[in-house]
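Let me begin by presenting the structure, written as structure tokens, before commenting on it.
The values are calculated or read from the model by the stated rules, or taken from the named source; none is laboratory data. All values derive from a computational prediction rather than experimental measurement. Neighbour counts run over all protein chains shown; Cβ positions are idealised from the backbone, glycine included.
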Amino acid sequence: MNCERYEGLMVSYMDGRAAEAERREVELHLVACAGCRARVEEYRRLWVELEQAPAPAVSPSFDARLRARIAAAPERRWFELLVPSPRLAFATASLLALFIWIGSLPTAPGNIAGDPRSGEEARAVKDLQSLEDLDVLTDFEALVDLPPATERPSKI
């Protein structure tokens, strides 16, 4: 038998907190298992002894000492409510560092941030400046023959 499975259910069974299905399952197991039946009987005897034991008496000065400790506790000032807890401050700083790090990552190749053109057009515009710097494009008359660029509708 798998008595380990029923050990956790025995306490709730004896308290009366077990669900109906669990209670029937434990009762069926107790019919078949003498070891668990003996354990349940030991629990019952222990609980009877605990119920009969007198409750420990509280010291007469307990209440006075408790009230004195509460009165001696420092009061929180109003501006202390504005100071965040260390956990909140750490979480905020971590998120801020994460956002700064993500913002500093390079964009995808060929994609210039904020440029609405496609990746190929953006690369061509980017390469145009490089070619001008190398004096490869000195004569722009060939570009005059190109048809004018159609304006793209703005995305709102």
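Observations, loosely collected:
- Evaluation of Glu51 against the conditions (1) among the acidic types (Asp, Glu); (2) within 44 Å of the chain's Cα centre (by Cα); (3) modelled with pLDDT of 90 or more shows that the sole unmet condition is (3).
Matching residues to (1) loosely packed, with under 10 Cβ neighbours inside 10 Å; (2) part of a helix (DSSP H, G or I):
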{"residue": "Ala21", "(1), (2)": "yes, yes"}
{"residue": "Arg24", "(1), (2)": "no, yes"}
{"residue": "Tyr43", "(1), (2)": "no, yes"}
{"residue": "Ala55", "(1), (2)": "yes, no"}
{"residue": "Phe79", "(1), (2)": "yes, yes"}
{"residue": "Leu96", "(1), (2)": "no, yes"}
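For every residue, the table says whether it meets (1) β-branched (Val, Ile, Thr); (2) closer than 30 Å to Glu7 by Cα.
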residue: Ala53; (1), (2): no, yes
residue: Arg76; (1), (2): no, no
residue: Ala93; (1), (2): no, no
residue: Leu96; (1), (2): no, no
residue: Gly103; (1), (2): no, no
residue: Thr107; (1), (2): yes, no
